[in-house]
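The values are calculated or read from the model by the stated rules, or taken from the named source; none is laboratory data. Here the structure is a predicted model, which means the values were calculated and not measured. Counting neighbours? That spans all protein chains shown, and the Cβs are built from the backbone with ideal geometry, glycine included.
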Amino acid sequence: MSHNLFDLSGKVAIVTGASRGLGQQFALALARAGADLVITSRNVESLTTFKSELEGLGRRVLAVQLDVRDFMSIQTMAEAAHKFFGKLDILVNNAGCNVRKPALEVTPEDWDMVMDTNLRGAFFVAQAVGQYMVDRRYGRVINIGSVTCVSGYAGLAPYCASRGGVKQLTMSLADDWGPHGVTVNCLAPGWFKTAQNAVLYQDAEWVEYITDRIPLNRPGQPHDLDGAVVFLASDASAYITGQTLLVDGGISTGSTHAVPKRKGAAAPTPAPTPAPAPTPVAPAPPPMPVDASAAPGKEEAIAEFREAVTKEDPAIILEYLRALEQMLTPDEVTSYRQYTYLTAFAPNVKRVDELCQTGHWMEAKRFADEVRSGAELFEEVAALPAKIAATRTAFKDSLLKNFKEAFDREDMQRAMALLEEMDKTLTPEEAAPYAEMAREVLHAKKENLGVRFKMSMEDKDWIQALRVGEQLVKEFPNSAYAKEVEGMINKLRERAARQMGGKH
Ligand SMILES: NC(=O)c1ccc[n+]([C@@H]2O[C@H](COP(=O)([O-])OP(=O)(O)OC[C@H]3O[C@@H](n4cnc5c(N)ncnc54)[C@H](OP(=O)(O)O)[C@@H]3O)[C@@H](O)[C@H]2O)c1
(Lines give C-alpha, C1' and ligand atoms only; values in the text may rest on other atoms or scores of the structure.)
Protein backbone atom coordinates (compact mmCIF):
# COMPACT_ATOMS: atom_id res chain seq x y z
CA MET A 1 0.00 0.00 0.00
CA SER A 2 1.20 3.51 -0.80
CA HIS A 3 2.37 5.66 2.15
CA ASN A 4 0.95 8.72 0.49
CA LEU A 5 -2.54 9.05 1.93
CA PHE A 6 -3.61 11.19 -1.01
CA ASP A 7 -2.32 8.89 -3.75
CA LEU A 8 -5.12 7.77 -6.09
CA SER A 9 -2.99 5.57 -8.37
CA GLY A 10 -4.96 2.58 -9.59
CA LYS A 11 -8.32 4.09 -8.59
CA VAL A 12 -11.13 4.72 -11.05
CA ALA A 13 -13.10 7.93 -10.65
CA ILE A 14 -16.28 9.08 -12.36
CA VAL A 15 -16.85 12.82 -12.67
CA THR A 16 -20.25 13.76 -14.06
CA GLY A 17 -20.62 17.05 -15.93
CA ALA A 18 -16.96 17.28 -16.94
CA SER A 19 -17.43 19.26 -20.15
CA ARG A 20 -16.46 22.52 -18.43
CA GLY A 21 -16.16 24.44 -15.17
CA LEU A 22 -15.69 22.80 -11.82
CA GLY A 23 -16.29 19.31 -13.22
CA GLN A 24 -13.16 19.62 -15.37
CA GLN A 25 -11.19 20.90 -12.41
CA PHE A 26 -12.29 17.96 -10.24
CA ALA A 27 -11.32 15.50 -13.00
CA LEU A 28 -7.91 17.18 -13.44
CA ALA A 29 -7.18 17.14 -9.72
CA LEU A 30 -8.06 13.45 -9.43
CA ALA A 31 -6.05 12.58 -12.55
CA ARG A 32 -3.02 14.44 -11.20
CA ALA A 33 -3.37 12.44 -7.99
CA GLY A 34 -3.17 9.26 -10.11
CA ALA A 35 -6.76 8.21 -10.83
CA ASP A 36 -8.08 6.90 -14.13
CA LEU A 37 -11.19 8.75 -15.19
CA VAL A 38 -14.70 8.39 -16.52
CA ILE A 39 -15.90 11.79 -17.71
CA THR A 40 -19.42 12.60 -18.87
CA SER A 41 -21.45 15.18 -20.74
CA ARG A 42 -24.80 15.24 -22.51
CA ASN A 43 -22.75 15.88 -25.64
CA VAL A 44 -19.92 13.36 -25.57
CA GLU A 45 -18.07 15.05 -28.46
CA SER A 46 -17.52 18.09 -26.26
CA LEU A 47 -15.20 15.93 -24.14
CA THR A 48 -12.69 15.05 -26.89
CA THR A 49 -10.12 17.76 -26.16
CA PHE A 50 -10.33 17.37 -22.40
CA LYS A 51 -10.04 13.58 -22.69
CA SER A 52 -6.76 14.03 -24.61
CA GLU A 53 -5.53 16.42 -21.97
CA LEU A 54 -6.17 13.84 -19.23
CA GLU A 55 -4.59 11.09 -21.32
CA GLY A 56 -1.57 13.35 -21.70
CA LEU A 57 -1.09 12.80 -17.96
CA GLY A 58 -0.77 9.08 -18.62
CA ARG A 59 -4.27 8.19 -17.36
CA ARG A 60 -6.82 5.88 -18.94
CA VAL A 61 -9.96 7.84 -19.73
CA LEU A 62 -13.45 6.88 -20.86
CA ALA A 63 -15.79 9.60 -22.14
CA VAL A 64 -19.47 8.68 -21.84
CA GLN A 65 -22.73 10.41 -22.74
CA LEU A 66 -24.91 11.10 -19.70
CA ASP A 67 -28.09 13.05 -19.07
CA VAL A 68 -28.78 12.82 -15.34
CA ARG A 69 -32.45 13.66 -15.93
CA ASP A 70 -32.80 10.43 -17.89
CA PHE A 71 -32.90 7.30 -15.71
CA MET A 72 -31.89 4.95 -18.54
CA SER A 73 -28.98 7.18 -19.53
CA ILE A 74 -27.68 6.87 -15.95
CA GLN A 75 -27.89 3.08 -16.01
CA THR A 76 -26.12 2.93 -19.38
CA MET A 77 -23.32 5.22 -18.19
CA ALA A 78 -22.70 3.23 -14.99
CA GLU A 79 -22.70 -0.09 -16.86
CA ALA A 80 -20.37 1.20 -19.58
CA ALA A 81 -17.97 2.65 -16.98
CA HIS A 82 -17.94 -0.59 -14.98
CA LYS A 83 -17.50 -2.72 -18.08
CA PHE A 84 -14.57 -0.61 -19.29
CA PHE A 85 -12.61 -0.46 -16.03
CA GLY A 86 -13.95 -3.53 -14.18
CA LYS A 87 -14.50 -1.49 -10.99
CA LEU A 88 -15.55 1.96 -9.81
CA ASP A 89 -13.87 3.54 -6.76
CA ILE A 90 -14.80 7.22 -6.73
CA LEU A 91 -17.86 9.15 -7.86
CA VAL A 92 -17.93 12.94 -8.07
CA ASN A 93 -21.61 13.73 -8.52
CA ASN A 94 -21.01 17.13 -10.10
CA ALA A 95 -23.54 17.62 -12.96
CA GLY A 96 -25.81 20.47 -11.99
CA CYS A 97 -27.75 23.48 -13.20
CA ASN A 98 -29.30 26.64 -11.86
CA VAL A 99 -32.18 29.02 -12.57
CA ARG A 100 -31.81 32.52 -11.16
CA LYS A 101 -35.15 34.22 -10.67
CA PRO A 102 -37.11 35.97 -7.95
CA ALA A 103 -39.21 33.30 -6.19
CA LEU A 104 -42.47 34.81 -7.49
CA GLU A 105 -41.36 34.19 -11.10
CA VAL A 106 -40.26 30.56 -10.77
CA THR A 107 -42.31 28.23 -13.02
CA PRO A 108 -43.02 24.52 -12.46
CA GLU A 109 -40.63 23.81 -15.38
CA ASP A 110 -37.83 25.79 -13.68
CA TRP A 111 -38.42 23.91 -10.44
CA ASP A 112 -38.47 20.49 -12.12
CA MET A 113 -35.34 21.14 -14.15
CA VAL A 114 -33.27 22.16 -11.13
CA MET A 115 -34.61 19.41 -8.86
CA ASP A 116 -34.39 16.69 -11.52
CA THR A 117 -30.79 17.58 -12.32
CA ASN A 118 -29.33 18.47 -8.94
CA LEU A 119 -31.22 16.17 -6.55
CA ARG A 120 -33.05 13.37 -8.40
CA GLY A 121 -30.13 13.04 -10.85
CA ALA A 122 -27.53 12.99 -8.08
CA PHE A 123 -29.45 10.29 -6.21
CA PHE A 124 -29.89 7.94 -9.17
CA VAL A 125 -26.30 8.38 -10.33
CA ALA A 126 -25.15 7.54 -6.77
CA GLN A 127 -27.49 4.55 -6.75
CA ALA A 128 -26.32 3.23 -10.15
CA VAL A 129 -22.64 3.58 -9.27
CA GLY A 130 -23.07 2.75 -5.57
CA GLN A 131 -24.32 -0.77 -6.31
CA TYR A 132 -20.89 -1.66 -7.70
CA MET A 133 -19.15 -0.03 -4.73
CA VAL A 134 -21.33 -1.84 -2.19
CA ASP A 135 -20.61 -5.14 -3.98
CA ARG A 136 -16.85 -4.51 -3.68
CA ARG A 137 -17.15 -3.08 -0.17
CA TYR A 138 -15.21 0.03 -1.23
CA GLY A 139 -16.22 3.42 -2.51
CA ARG A 140 -15.96 7.17 -2.14
CA VAL A 141 -19.04 9.16 -3.19
CA ILE A 142 -18.57 12.92 -3.31
CA ASN A 143 -21.78 14.82 -3.91
CA ILE A 144 -21.15 18.34 -5.09
CA GLY A 145 -23.30 20.68 -3.05
CA SER A 146 -22.88 24.39 -2.54
CA VAL A 147 -22.76 27.01 0.18
CA THR A 148 -26.53 27.02 -0.42
CA CYS A 149 -26.60 23.61 1.34
CA VAL A 150 -26.42 25.61 4.55
CA SER A 151 -27.74 29.07 3.69
CA GLY A 152 -30.43 30.75 1.64
CA TYR A 153 -29.96 33.31 -1.12
CA ALA A 154 -32.58 35.49 -2.80
CA GLY A 155 -33.16 34.50 -6.44
CA LEU A 156 -32.07 30.90 -5.91
CA ALA A 157 -35.11 29.19 -4.35
CA PRO A 158 -35.14 25.95 -6.38
CA TYR A 159 -31.33 25.76 -6.37
CA CYS A 160 -31.07 26.24 -2.58
CA ALA A 161 -33.82 23.65 -2.04
CA SER A 162 -32.00 21.16 -4.26
CA ARG A 163 -28.69 21.76 -2.48
CA GLY A 164 -30.26 21.45 0.97
CA GLY A 165 -31.57 18.12 -0.33
CA VAL A 166 -28.10 17.05 -1.47
CA LYS A 167 -26.75 17.66 2.04
CA GLN A 168 -29.50 15.51 3.58
CA LEU A 169 -29.12 12.89 0.85
CA THR A 170 -25.42 12.69 1.68
CA MET A 171 -26.14 11.92 5.33
CA SER A 172 -28.75 9.32 4.45
CA LEU A 173 -26.56 7.50 1.92
CA ALA A 174 -23.63 7.62 4.35
CA ASP A 175 -25.75 5.82 6.93
CA ASP A 176 -27.02 3.33 4.34
CA TRP A 177 -23.68 2.43 2.80
CA GLY A 178 -21.23 2.95 5.68
CA PRO A 179 -21.57 -0.69 6.79
CA HIS A 180 -20.61 -1.69 3.23
CA GLY A 181 -17.33 0.24 3.20
CA VAL A 182 -18.60 3.17 1.11
CA THR A 183 -18.20 6.73 2.39
CA VAL A 184 -20.48 9.51 1.15
CA ASN A 185 -19.60 13.16 1.66
CA CYS A 186 -20.66 16.47 0.21
CA LEU A 187 -18.17 19.01 -1.13
CA ALA A 188 -19.82 22.41 -1.03
CA PRO A 189 -18.15 25.21 -3.05
CA GLY A 190 -18.89 28.85 -2.31
CA TRP A 191 -18.82 31.46 -5.07
CA PHE A 192 -16.71 30.43 -8.06
CA LYS A 193 -16.59 32.05 -11.48
CA THR A 194 -17.69 29.50 -14.12
CA ALA A 195 -20.07 29.41 -17.11
CA GLN A 196 -22.96 28.74 -14.71
CA ASN A 197 -22.71 32.18 -13.12
CA ALA A 198 -20.52 34.14 -15.57
CA VAL A 199 -23.24 36.76 -15.91
CA LEU A 200 -22.83 37.76 -12.26
CA TYR A 201 -19.10 38.33 -12.65
CA GLN A 202 -19.70 40.80 -15.47
CA ASP A 203 -21.32 43.07 -12.90
CA ALA A 204 -18.55 44.92 -11.07
CA GLU A 205 -20.90 46.08 -8.32
CA TRP A 206 -22.00 42.55 -7.60
CA VAL A 207 -18.38 41.33 -7.50
CA GLU A 208 -17.57 44.02 -4.96
CA TYR A 209 -20.67 43.12 -2.94
CA ILE A 210 -19.88 39.41 -2.81
CA THR A 211 -16.14 39.96 -2.20
CA ASP A 212 -17.01 42.12 0.78
CA ARG A 213 -18.94 39.22 2.31
CA ILE A 214 -16.19 36.62 1.85
CA PRO A 215 -13.73 36.63 4.79
CA LEU A 216 -10.85 35.61 2.51
CA ASN A 217 -11.81 38.62 0.40
CA ARG A 218 -12.07 37.06 -3.06
CA PRO A 219 -14.33 34.68 -4.96
CA GLY A 220 -12.98 31.16 -5.40
CA GLN A 221 -10.90 29.94 -8.31
CA PRO A 222 -11.58 26.39 -9.52
CA HIS A 223 -8.17 25.12 -8.36
CA ASP A 224 -9.09 26.13 -4.79
CA LEU A 225 -11.17 22.93 -4.79
CA ASP A 226 -8.31 20.56 -5.74
CA GLY A 227 -7.23 19.70 -2.19
CA ALA A 228 -10.76 19.04 -0.93
CA VAL A 229 -11.78 16.73 -3.76
CA VAL A 230 -8.56 14.70 -3.57
CA PHE A 231 -8.90 14.51 0.21
CA LEU A 232 -12.48 13.20 0.07
CA ALA A 233 -11.54 10.74 -2.70
CA SER A 234 -8.50 9.36 -0.91
CA ASP A 235 -7.56 7.19 2.05
CA ALA A 236 -6.92 10.39 4.00
CA SER A 237 -10.69 10.69 4.58
CA ALA A 238 -11.32 6.98 5.32
CA TYR A 239 -13.11 7.65 8.63
CA ILE A 240 -15.17 10.61 7.46
CA THR A 241 -18.68 10.08 6.11
CA GLY A 242 -21.95 11.99 5.90
CA GLN A 243 -20.16 15.34 6.16
CA THR A 244 -20.46 18.55 4.18
CA LEU A 245 -17.11 20.23 3.58
CA LEU A 246 -17.52 23.91 2.70
CA VAL A 247 -14.82 25.39 0.46
CA ASP A 248 -16.12 28.92 0.36
CA GLY A 249 -13.53 31.41 1.60
CA GLY A 250 -15.59 31.58 4.79
CA ILE A 251 -18.82 33.11 3.46
CA SER A 252 -20.89 30.48 5.26
CA THR A 253 -19.75 31.94 8.58
CA GLY A 254 -22.50 34.48 8.01
CA SER A 255 -19.84 37.12 7.41
CA THR A 256 -21.79 40.19 8.45
CA HIS A 257 -20.08 43.34 9.75
CA ALA A 258 -21.27 43.81 13.32
CA VAL A 259 -19.44 47.11 13.75
CA PRO A 260 -19.45 50.02 11.30
CA LYS A 261 -16.40 50.18 9.07
CA ARG A 262 -14.09 52.97 10.18
CA LYS A 263 -14.34 55.97 7.89
CA GLY A 264 -11.10 56.73 6.05
CA ALA A 265 -9.65 53.31 6.88
CA ALA A 266 -7.61 51.80 4.10
CA ALA A 267 -9.58 49.53 1.81
CA PRO A 268 -8.90 45.94 2.71
CA THR A 269 -6.19 44.41 0.61
CA PRO A 270 -7.53 41.28 -1.03
CA ALA A 271 -5.78 38.12 0.05
CA PRO A 272 -3.45 37.10 -2.75
CA THR A 273 -4.72 34.08 -4.64
CA PRO A 274 -2.64 31.20 -3.35
CA ALA A 275 -1.07 28.92 -5.90
CA PRO A 276 -2.18 25.33 -5.48
CA ALA A 277 0.05 22.97 -3.48
CA PRO A 278 2.86 22.11 -3.81
CA THR A 279 3.70 25.51 -5.24
CA PRO A 280 4.83 27.76 -2.37
CA VAL A 281 2.38 30.47 -1.34
CA ALA A 282 3.14 33.91 -2.83
CA PRO A 283 4.76 36.28 -0.34
CA ALA A 284 2.51 38.90 1.24
CA PRO A 285 2.27 42.12 -0.78
CA PRO A 286 4.47 45.00 0.39
CA PRO A 287 2.73 47.78 2.32
CA MET A 288 1.07 50.33 0.04
CA PRO A 289 2.69 53.77 -0.06
CA VAL A 290 0.59 56.27 1.80
CA ASP A 291 2.09 59.62 0.87
CA ALA A 292 -0.79 61.01 -1.12
CA SER A 293 0.15 64.68 -0.79
CA ALA A 294 2.90 65.11 -3.40
CA ALA A 295 0.87 65.39 -6.60
CA PRO A 296 -2.63 66.73 -7.25
CA GLY A 297 -5.14 63.95 -7.89
CA LYS A 298 -2.78 61.38 -6.43
CA GLU A 299 -5.10 60.45 -3.56
CA GLU A 300 -8.00 59.79 -5.97
CA ALA A 301 -5.71 57.78 -8.27
CA ILE A 302 -4.58 55.63 -5.33
CA ALA A 303 -8.20 55.06 -4.29
CA GLU A 304 -9.14 54.11 -7.85
CA PHE A 305 -6.18 51.75 -8.07
CA ARG A 306 -7.19 50.05 -4.83
CA GLU A 307 -10.72 49.76 -6.11
CA ALA A 308 -9.40 48.18 -9.33
CA VAL A 309 -7.42 45.62 -7.31
CA THR A 310 -10.67 44.27 -5.83
CA LYS A 311 -11.89 43.47 -9.36
CA GLU A 312 -9.14 40.85 -9.71
CA ASP A 313 -8.82 41.53 -13.43
CA PRO A 314 -5.11 41.96 -14.27
CA ALA A 315 -5.79 44.14 -17.34
CA ILE A 316 -7.94 46.56 -15.33
CA ILE A 317 -5.45 46.68 -12.44
CA LEU A 318 -2.66 47.44 -14.91
CA GLU A 319 -4.67 50.21 -16.54
CA TYR A 320 -5.12 51.94 -13.18
CA LEU A 321 -1.48 51.35 -12.25
CA ARG A 322 -0.40 53.12 -15.44
CA ALA A 323 -2.61 56.10 -14.63
CA LEU A 324 -1.27 56.20 -11.07
CA GLU A 325 2.39 55.91 -12.06
CA GLN A 326 2.33 59.40 -13.59
CA MET A 327 2.05 60.78 -10.06
CA LEU A 328 4.45 58.51 -8.20
CA THR A 329 8.07 58.90 -7.18
CA PRO A 330 10.47 56.29 -8.68
CA ASP A 331 10.54 54.39 -5.36
CA GLU A 332 6.78 54.32 -5.23
CA VAL A 333 6.60 53.11 -8.81
CA THR A 334 8.82 50.17 -7.89
CA SER A 335 6.73 49.39 -4.84
CA TYR A 336 3.39 49.61 -6.68
CA ARG A 337 4.67 47.51 -9.56
CA GLN A 338 5.90 44.86 -7.18
CA TYR A 339 2.57 44.87 -5.39
CA THR A 340 0.67 44.64 -8.69
CA TYR A 341 2.81 41.76 -9.85
CA LEU A 342 2.36 39.78 -6.63
CA THR A 343 -1.36 40.44 -6.44
CA ALA A 344 -2.54 40.17 -10.02
CA PHE A 345 0.11 38.31 -12.02
CA ALA A 346 2.25 36.05 -9.83
CA PRO A 347 -0.52 33.51 -9.09
CA ASN A 348 -1.06 32.93 -12.81
CA VAL A 349 2.67 32.77 -13.53
CA LYS A 350 3.02 30.11 -10.84
CA ARG A 351 -0.01 28.29 -12.15
CA VAL A 352 1.36 28.29 -15.70
CA ASP A 353 4.67 27.00 -14.37
CA GLU A 354 2.96 24.13 -12.63
CA LEU A 355 0.75 23.33 -15.60
CA CYS A 356 3.75 23.38 -17.92
CA GLN A 357 5.58 20.95 -15.67
CA THR A 358 2.64 18.54 -15.81
CA GLY A 359 2.13 18.99 -19.55
CA HIS A 360 -1.20 20.86 -19.41
CA TRP A 361 -0.50 23.03 -22.36
CA MET A 362 -4.05 24.10 -23.12
CA GLU A 363 -4.87 25.03 -19.54
CA ALA A 364 -1.54 26.80 -19.20
CA LYS A 365 -2.37 28.85 -22.26
CA ARG A 366 -5.71 29.86 -20.76
CA PHE A 367 -3.99 31.13 -17.61
CA ALA A 368 -1.27 32.90 -19.59
CA ASP A 369 -3.86 34.63 -21.75
CA GLU A 370 -5.50 36.08 -18.65
CA VAL A 371 -2.30 37.98 -17.77
CA ARG A 372 -0.76 38.71 -21.15
CA SER A 373 -1.41 42.45 -20.63
CA GLY A 374 1.48 42.34 -18.13
CA ALA A 375 4.08 41.19 -20.66
CA GLU A 376 5.43 44.68 -21.23
CA LEU A 377 6.03 45.35 -17.56
CA PHE A 378 6.90 41.97 -16.07
CA GLU A 379 9.52 39.73 -17.61
CA GLU A 380 8.05 36.66 -15.89
CA VAL A 381 4.84 37.26 -17.84
CA ALA A 382 6.72 38.00 -21.07
CA ALA A 383 8.49 34.64 -20.73
CA LEU A 384 5.25 32.66 -20.55
CA PRO A 385 4.67 32.13 -24.32
CA ALA A 386 8.16 30.64 -24.72
CA LYS A 387 7.64 28.42 -21.71
CA ILE A 388 4.34 27.24 -23.10
CA ALA A 389 5.82 26.67 -26.55
CA ALA A 390 8.35 24.33 -24.98
CA THR A 391 5.57 22.47 -23.17
CA ARG A 392 3.59 22.33 -26.36
CA THR A 393 6.34 20.15 -27.80
CA ALA A 394 5.81 17.73 -24.94
CA PHE A 395 2.07 17.90 -25.52
CA LYS A 396 2.55 17.22 -29.20
CA ASP A 397 4.77 14.24 -28.41
CA SER A 398 2.14 12.75 -26.12
CA LEU A 399 -0.57 13.31 -28.75
CA LEU A 400 1.54 11.57 -31.37
CA LYS A 401 2.38 8.76 -28.97
CA ASN A 402 -1.32 8.17 -28.24
CA PHE A 403 -2.06 8.32 -31.94
CA LYS A 404 0.58 5.73 -32.77
CA GLU A 405 -0.60 3.46 -29.97
CA ALA A 406 -4.21 3.65 -31.17
CA PHE A 407 -2.93 2.98 -34.64
CA ASP A 408 -0.97 -0.10 -33.54
CA ARG A 409 -4.04 -1.39 -31.73
CA GLU A 410 -5.96 -0.77 -34.97
CA ASP A 411 -8.37 1.35 -32.96
CA MET A 412 -9.14 3.59 -35.90
CA GLN A 413 -12.01 5.39 -34.19
CA ARG A 414 -9.66 6.57 -31.47
CA ALA A 415 -6.91 7.31 -33.99
CA MET A 416 -9.29 9.47 -36.02
CA ALA A 417 -10.42 11.34 -32.90
CA LEU A 418 -6.77 12.06 -32.09
CA LEU A 419 -6.22 13.15 -35.65
CA GLU A 420 -8.97 15.72 -35.24
CA GLU A 421 -7.24 16.86 -32.08
CA MET A 422 -3.99 17.22 -34.04
CA ASP A 423 -5.78 19.34 -36.60
CA LYS A 424 -6.70 21.72 -33.80
CA THR A 425 -3.32 21.84 -32.10
CA LEU A 426 -0.64 21.18 -34.72
CA THR A 427 0.29 23.14 -37.80
CA PRO A 428 -0.89 21.56 -41.08
CA GLU A 429 2.73 20.62 -41.88
CA GLU A 430 3.12 18.84 -38.55
CA ALA A 431 -0.17 16.96 -38.85
CA ALA A 432 0.17 16.01 -42.55
CA PRO A 433 2.29 12.82 -42.28
CA TYR A 434 -0.06 11.38 -39.68
CA ALA A 435 -3.15 12.25 -41.67
CA GLU A 436 -1.52 10.56 -44.68
CA MET A 437 -0.71 7.49 -42.58
CA ALA A 438 -4.32 7.28 -41.37
CA ARG A 439 -5.64 7.75 -44.89
CA GLU A 440 -3.47 4.93 -46.21
CA VAL A 441 -4.54 2.52 -43.48
CA LEU A 442 -8.18 3.43 -43.87
CA HIS A 443 -7.87 2.85 -47.59
CA ALA A 444 -6.24 -0.54 -47.01
CA LYS A 445 -8.97 -1.47 -44.53
CA LYS A 446 -11.70 -0.46 -46.96
CA GLU A 447 -10.13 -2.49 -49.78
CA ASN A 448 -9.69 -5.46 -47.48
CA LEU A 449 -13.36 -5.35 -46.46
CA GLY A 450 -14.35 -4.92 -50.12
CA VAL A 451 -12.36 -8.00 -51.17
CA ARG A 452 -13.78 -10.04 -48.27
CA PHE A 453 -17.27 -8.93 -49.23
CA LYS A 454 -16.79 -9.99 -52.85
CA MET A 455 -15.25 -13.33 -51.88
CA SER A 456 -18.13 -14.09 -49.49
CA MET A 457 -20.57 -13.29 -52.28
CA GLU A 458 -18.72 -15.59 -54.67
CA ASP A 459 -18.68 -18.33 -52.02
CA LYS A 460 -22.40 -17.68 -51.43
CA ASP A 461 -21.58 -17.26 -47.71
CA TRP A 462 -24.44 -14.80 -47.19
CA ILE A 463 -24.01 -14.59 -43.40
CA GLN A 464 -20.40 -13.46 -43.80
CA ALA A 465 -21.28 -11.19 -46.74
CA LEU A 466 -23.97 -9.48 -44.66
CA ARG A 467 -21.62 -9.00 -41.69
CA VAL A 468 -18.79 -7.57 -43.77
CA GLY A 469 -21.22 -5.55 -45.91
CA GLU A 470 -22.80 -3.92 -42.85
CA GLN A 471 -19.33 -3.05 -41.54
CA LEU A 472 -18.51 -1.44 -44.86
CA VAL A 473 -21.68 0.67 -44.81
CA LYS A 474 -21.03 1.71 -41.20
CA GLU A 475 -17.35 2.57 -41.54
CA PHE A 476 -17.19 3.78 -45.15
CA PRO A 477 -20.71 5.02 -45.93
CA ASN A 478 -19.61 7.04 -48.97
CA SER A 479 -17.57 4.32 -50.67
CA ALA A 480 -18.57 2.56 -53.89
CA TYR A 481 -18.62 -0.72 -51.93
CA ALA A 482 -21.15 0.72 -49.50
CA LYS A 483 -23.41 1.79 -52.37
CA GLU A 484 -23.18 -1.71 -53.81
CA VAL A 485 -24.06 -3.31 -50.45
CA GLU A 486 -26.92 -0.90 -49.82
CA GLY A 487 -28.46 -1.86 -53.18
CA MET A 488 -28.67 -5.50 -52.18
CA ILE A 489 -28.99 -5.34 -48.39
CA ASN A 490 -32.60 -6.60 -48.15
CA LYS A 491 -31.94 -9.54 -50.43
CA LEU A 492 -28.75 -10.31 -48.48
CA ARG A 493 -30.63 -10.30 -45.18
CA GLU A 494 -33.20 -12.74 -46.49
CA ARG A 495 -30.51 -15.05 -47.83
CA ALA A 496 -28.48 -14.84 -44.61
CA ALA A 497 -31.61 -15.60 -42.56
CA ARG A 498 -32.36 -18.63 -44.72
CA GLN A 499 -28.75 -19.80 -44.43
CA MET A 500 -28.85 -19.28 -40.70
CA GLY A 501 -32.08 -21.30 -40.50
CA GLY A 502 -30.43 -24.06 -42.48
CA LYS A 503 -27.56 -24.18 -40.01
CA HIS A 504 -29.81 -24.96 -37.00
N1 LIG B 1 -19.73 27.77 -9.98
C2 LIG B 1 -20.02 27.90 -8.70
O3 LIG B 1 -19.79 28.93 -8.09
C4 LIG B 1 -20.65 26.76 -7.95
C5 LIG B 1 -20.80 26.89 -6.58
C6 LIG B 1 -21.35 25.85 -5.87
C7 LIG B 1 -21.75 24.70 -6.49
N8 LIG B 1 -21.60 24.60 -7.83
C9 LIG B 1 -22.04 23.33 -8.44
O10 LIG B 1 -20.91 22.68 -8.99
C11 LIG B 1 -21.28 21.95 -10.17
C12 LIG B 1 -20.45 22.47 -11.35
O13 LIG B 1 -20.68 23.86 -11.46
P14 LIG B 1 -20.12 24.73 -12.68
O15 LIG B 1 -20.12 26.11 -12.19
O16 LIG B 1 -18.91 24.11 -13.20
O17 LIG B 1 -21.34 24.59 -13.71
P18 LIG B 1 -21.36 24.65 -15.30
O19 LIG B 1 -20.20 25.39 -15.81
O20 LIG B 1 -22.72 25.11 -15.67
O21 LIG B 1 -21.22 23.09 -15.69
C22 LIG B 1 -22.27 22.21 -15.37
C23 LIG B 1 -21.91 20.82 -15.81
O24 LIG B 1 -23.04 19.98 -15.51
C25 LIG B 1 -23.42 19.29 -16.68
N26 LIG B 1 -24.87 19.11 -16.75
C27 LIG B 1 -25.84 20.05 -16.66
N28 LIG B 1 -27.06 19.49 -16.79
C29 LIG B 1 -26.84 18.15 -16.97
C30 LIG B 1 -27.68 17.03 -17.17
N31 LIG B 1 -29.02 17.14 -17.23
N32 LIG B 1 -27.12 15.81 -17.32
C33 LIG B 1 -25.78 15.66 -17.28
N34 LIG B 1 -24.92 16.68 -17.11
C35 LIG B 1 -25.46 17.92 -16.95
C36 LIG B 1 -22.91 20.11 -17.84
O37 LIG B 1 -22.58 19.21 -18.89
P38 LIG B 1 -23.15 19.29 -20.40
O39 LIG B 1 -23.86 20.60 -20.58
O40 LIG B 1 -21.93 19.13 -21.23
O41 LIG B 1 -24.06 18.09 -20.47
C42 LIG B 1 -21.65 20.75 -17.30
O43 LIG B 1 -20.53 19.93 -17.53
C44 LIG B 1 -22.77 22.19 -10.36
O45 LIG B 1 -23.47 21.13 -9.76
C46 LIG B 1 -23.00 23.49 -9.60
O47 LIG B 1 -24.34 23.64 -9.19
C48 LIG B 1 -21.07 25.57 -8.59
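Tabulated data for the structure shown
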read-out	value
Residue check for Thr76: more than 25 Å from Arg120 (Cα to Cα), within 13 Å of the ligand (Cβ to nearest atom) and outside the structural domain of Ala364 (by TED's automatic domain parsing)	no
Residue, modelled with the highest pLDDT, within segment 234-274, restricted to residues that are hydrophobic (A, V, I, L, M, F, W, C) and in a helix (DSSP H, G or I)	Ala236
Restricting segment 182-233 to residues that are within 26 Å of Phe6 (Cβ to Cβ), assigned to a loop (DSSP other than H, G, I, E, B) and of a type in the set (S, T, N, Q), the residue that is nearest to the chain's Cα centre (by Cα)	Thr194
Meets criteria (more than 13 Å from the ligand (Cβ to nearest atom) and either more than 19 Å from Ala27 (Cα to Cα) or in the same structural domain as Gly121 (by TED's automatic domain parsing) (or both)) for Ala174	yes
Search result, residues across segment 386-407 that are closer than 23 Å to Gln338 by Cα and surrounded by 14 or more Cβ atoms within 10 Å (Cβ to Cβ)	Lys387
Residue list for segment 214-239, restricted to those being farther than 23 Å from Glu354 by Cβ, out of contact with any helix residue (DSSP H, G or I) (no Cβ under 8 Å at 6 or more places or on another chain) and touching a residue at least 12 places away in the same chain (Cβ under 8 Å)	Asp235, Ala238
Ser172 of a type outside the set (Asp, Glu), touching a residue at least 60 places away in the same chain (Cβ under 8 Å) and surrounded by fewer than 21 Cβ atoms within 10 Å (Cβ to Cβ)	no
The lone exception for Arg140 - which of (1) of a type outside the set (Phe, Trp, Tyr); (2) closer than 30 Å to Thr310 by Cβ; (3) away from the ligand (no atom under 12 Å from the Cβ) it fails	(2)
Counted residues, segment 295-317 - those being in a helix (DSSP H, G or I) and over 20 Å from Asn217 (Cα atoms)	4
Filter result for Val207 (more than 9 Å from the ligand (Cβ to nearest atom) and crowded, with 17+ Cβ neighbours inside 10 Å)	yes
Residues of segment 283-308 that turn out to be modelled with pLDDT of 80 or more and hydrophobic (A, V, I, L, M, F, W, C), as a count	5
Helices (runs of 4 or more DSSP H) wholly inside segment 368-436 containing at least 2 residues that are among the aromatic types (Phe, Trp, Tyr) and more than 21 Å from the chain's Cα centre (by Cα)	384-408
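Condition check ((1) away from the ligand (no atom under 14 Å from the Cβ); (2) touching a Leu at 6+ places or on another chain (Cβ under 6 Å); (3) under 29 Å from Asn4 (Cα atoms); (4) assigned by TED's automatic domain parsing to the domain that holds Met422) across all residues:
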{"site": "Ile39", "(1), (2), (3), (4)": "no, yes, yes, no"}
{"site": "Val44", "(1), (2), (3), (4)": "no, no, no, no"}
{"site": "Thr49", "(1), (2), (3), (4)": "no, no, no, no"}
{"site": "Ser52", "(1), (2), (3), (4)": "yes, no, yes, no"}
{"site": "Gly58", "(1), (2), (3), (4)": "yes, no, yes, no"}
{"site": "Asp70", "(1), (2), (3), (4)": "no, no, no, no"}
{"site": "Lys83", "(1), (2), (3), (4)": "yes, no, yes, no"}
